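Student: Shown below is the structure under consideration.
The values are calculated or read from the model by the stated rules, or taken from the named source; none is laboratory data. Fair warning: this is a prediction, and the values are worked out from it, not measured in the lab. Here Cβ is always computed from backbone atoms with ideal geometry, including for glycine, and neighbour counts include all displayed protein chains. Quick note on the areas: whole protein, heavy atoms, side chains included, nothing else; ligands and nucleic acids left out. Shrake-Rupley method; radii C 1.70, N 1.55, O 1.52, S 1.80 Å.
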Amino acid sequence: MNCLITDHVHPYLLDSLQKANVKTTYLPNITQQEVEKVIGDYNILIVNSKIKINETFVKNCHNLKIVGRLGSGMDGIDIDALEKADIHVVRTPEGNANAVSEHAIGMLLSLSNHLRTADSEVRNFDWNREKNRGWEISNKVLGIIGFGHTGSQLADKMSGWVQEVVCYDNKVVGYNKQNPLVVEGTLDEVKQKADIISIHLPLDEETEGMINKKFLQECKPGFVLINTSRGKIVDTEDLLDGLQRGYVGGACLDVFENEKVETYSEVEKETYQALYELPNVVLTPHIAGWTFESYFKIGKVMAEKILALV
């Protein structure tokens with residue numbers, strides 16, 4: 001078996017494949033065009049978000065048997081085309097679920113306790129205790145939309161902390177049996193009850209632009225939005241409007257509609273600049289699942305799933 005790995009991975013994955021006599025080509029800087037030229041020579045392809053796999057791509061995969069997606073997101077990968085070609089698809093959401101859930105909590109605590117602004121002010125010898133008075137999350141209702149690996153991790157961590165955890169997932173039912181402190185609700189119940197809403201959804205036709213002006217205005221006034229899933233699920237301009245008008249009380253964003261800063265249009269620059277200037281927003285550069293531990297765990301899970309198929 002020949003394997004092509006197109007992105008940086010933990011050495012554990014490379015070692016595991018090689019020990020199993022899988023001939024591995026490790027090219028973390030390879031481009032989309034370069035992959036397309038050589039893909040016919042490989043039985044296994046391991047990718048991150050850089051390489052896009054569509055129907056045309058699949059037609060050139062004459063020997064491909066397995067596609068491994070590092071992490072959880074499957075946007076950019078045509079699963080139907082792969083399945084029609086009898087190509088197995090594996091991913092590793094288990095690898096970074098804990099990291100993402102911890103990051104979401106960290107962002108929320110930073111927002112609720114004004115840690116970002118307070119830290120900056122103290123470093124400038126500016127001592128503002130009253131201005132930076134925080135608010136506690138223990139008496140709040142947490143809403144989680146999407147109860148997969150990450151959403152369930154967040155629910156478990158927060159269920160003994162907040163007043164109530166209300167979750168909605170249109171594909172998963174019966175999860176409150178796993179944790180009786182988690183309430184299985186409808187999407188409307190999450191909107192109506194939650195003081196904090198955390199998004200844990202894949203990006204697809206159904207979820208793209210889901211968090212728009214209508215959605216935001218139907219939520220509890222002044223709620224806090226957390227998004228550590230995919231940026232295009234949230235309409236940035238609508239979120240900005242909600243924050244400026246006050247019907248959205250705050251936002252913690254690790255992902256964005258456009259994460260390629262060098263490609264911003266003038267409108268995007270103005271929108272993001274206005275967003276970045278708001279004090280009730282905490283921002284990070286798509287690093288929620290980017291820990292030393294998750295780097296290893298993603299490689300380990302991928303190795304186990306690939307070797308189970310070869």
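Student: Under the condition of being in contact with a helix residue (DSSP H, G or I) (Cβ under 6 Å, 6 or more places away or on another chain) and either under 28 Å from residue 169 (Cβ atoms) or without any contact (Cβ under 8 Å) to a residue 60 or more places away in the chain (or both), which residue from segment 113-136 is least open to solvent (accessible area, probe 1.4 Å)?
Tutor: Filtering segment 113-136 for residues that are in contact with a helix residue (DSSP H, G or I) (Cβ under 6 Å, 6 or more places away or on another chain) and either under 28 Å from residue 169 (Cβ atoms) or without any contact (Cβ under 8 Å) to a residue 60 or more places away in the chain (or both), the one least open to solvent (accessible area, probe 1.4 Å) comes out as 132.
Student: Given (1) in a strand (DSSP E or B); (2) open to solvent by 50 Å² or more (accessible area, probe 1.4 Å), where does residue 257 come up short, assuming only one miss?
Tutor: Unmet for residue 257, out of (1) in a strand (DSSP E or B); (2) open to solvent by 50 Å² or more (accessible area, probe 1.4 Å): (1).
Student: Hey, another quick one. Go through the residues of segment 246-253 one by one and say whether even a single one is over 28 Å from residue 133 (Cβ atoms), surrounded by 15 or more Cβ atoms within 10 Å (Cβ to Cβ), in contact (Cβ under 8 Å) with a residue 40 or more places away in the chain and small (Gly, Ala, Ser).
Tutor: Scanning segment 246-253, I find no residue that is over 28 Å from residue 133 (Cβ atoms), surrounded by 15 or more Cβ atoms within 10 Å (Cβ to Cβ), in contact (Cβ under 8 Å) with a residue 40 or more places away in the chain and small (Gly, Ala, Ser), so the answer is no.
Student: Still on this structure, I have one more. Could we say that residue 29 is outside any helix (DSSP H, G or I), open to solvent by 60 Å² or more (accessible area, probe 1.4 Å) and out of contact with any strand residue (DSSP E or B) (no Cβ under 9 Å at 6 or more places or on another chain) here?
Tutor: Criteria met by residue 29.
Residue by residue, here is whether (1) outside any loop (DSSP other than H, G, I, E, B); (2) touching a Lys or Arg at 6+ places or on another chain (Cβ under 8 Å); (3) β-branched (Val, Ile, Thr) holds:
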| position | (1), (2), (3) |
| --- | --- |
| 192 | yes, yes, no |
| 204 | no, no, no |
| 209 | no, yes, no |
| 232 | yes, no, no |
| 241 | yes, yes, no |
| 249 | yes, no, no |
| 262 | yes, no, no |
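Student: So, in segment 153-181, how many residues would count as being within 18 Å of residue 207 (Cβ to Cβ) and crowded, with 17+ Cβ neighbours inside 10 Å?
Tutor: Residues meeting the conditions: 4.
Student: With respect to residue 285, is the statement that it is within 26 Å of residue 131 (Cβ to Cβ), outside any helix (DSSP H, G or I) and open to solvent by 70 Å² or more (accessible area, probe 1.4 Å) true?
Tutor: So residue 285 fails the test.
Student: Would segment 34-49 turn up any residue that is within 24 Å of residue 203 (Cβ to Cβ) and free of Cβ contacts under 8 Å to residues at least 12 places away in the same chain?
Tutor: No, segment 34-49 contains no residue that is within 24 Å of residue 203 (Cβ to Cβ) and free of Cβ contacts under 8 Å to residues at least 12 places away in the same chain.
Student: Here is a check on your reading of the model: is residue 295 in a helix (DSSP H, G or I) and open to solvent by 80 Å² or more (accessible area, probe 1.4 Å)?
Tutor: Considered against the rule, which asks whether it is in a helix (DSSP H, G or I) and open to solvent by 80 Å² or more (accessible area, probe 1.4 Å), residue 295 comes out as yes.
Student: Could I ask something else about it? Could you list, in sequence order, all residues of segment 139-156 that are modelled with pLDDT of 95 or more and either of a type in the set (Lys, Arg) or over 23 Å from residue 95 (Cβ atoms) (or both)?
Tutor: 140, 141, 142, 143 - these are the residues of segment 139-156 that are modelled with pLDDT of 95 or more and either of a type in the set (Lys, Arg) or over 23 Å from residue 95 (Cβ atoms) (or both).
Student: Considering only segment 76-84, I want to know if a residue exists there that is surrounded by 18 or more Cβ atoms within 10 Å (Cβ to Cβ) and modelled with pLDDT of 95 or more.
Tutor: Yes, the conditions are met somewhere in segment 76-84.
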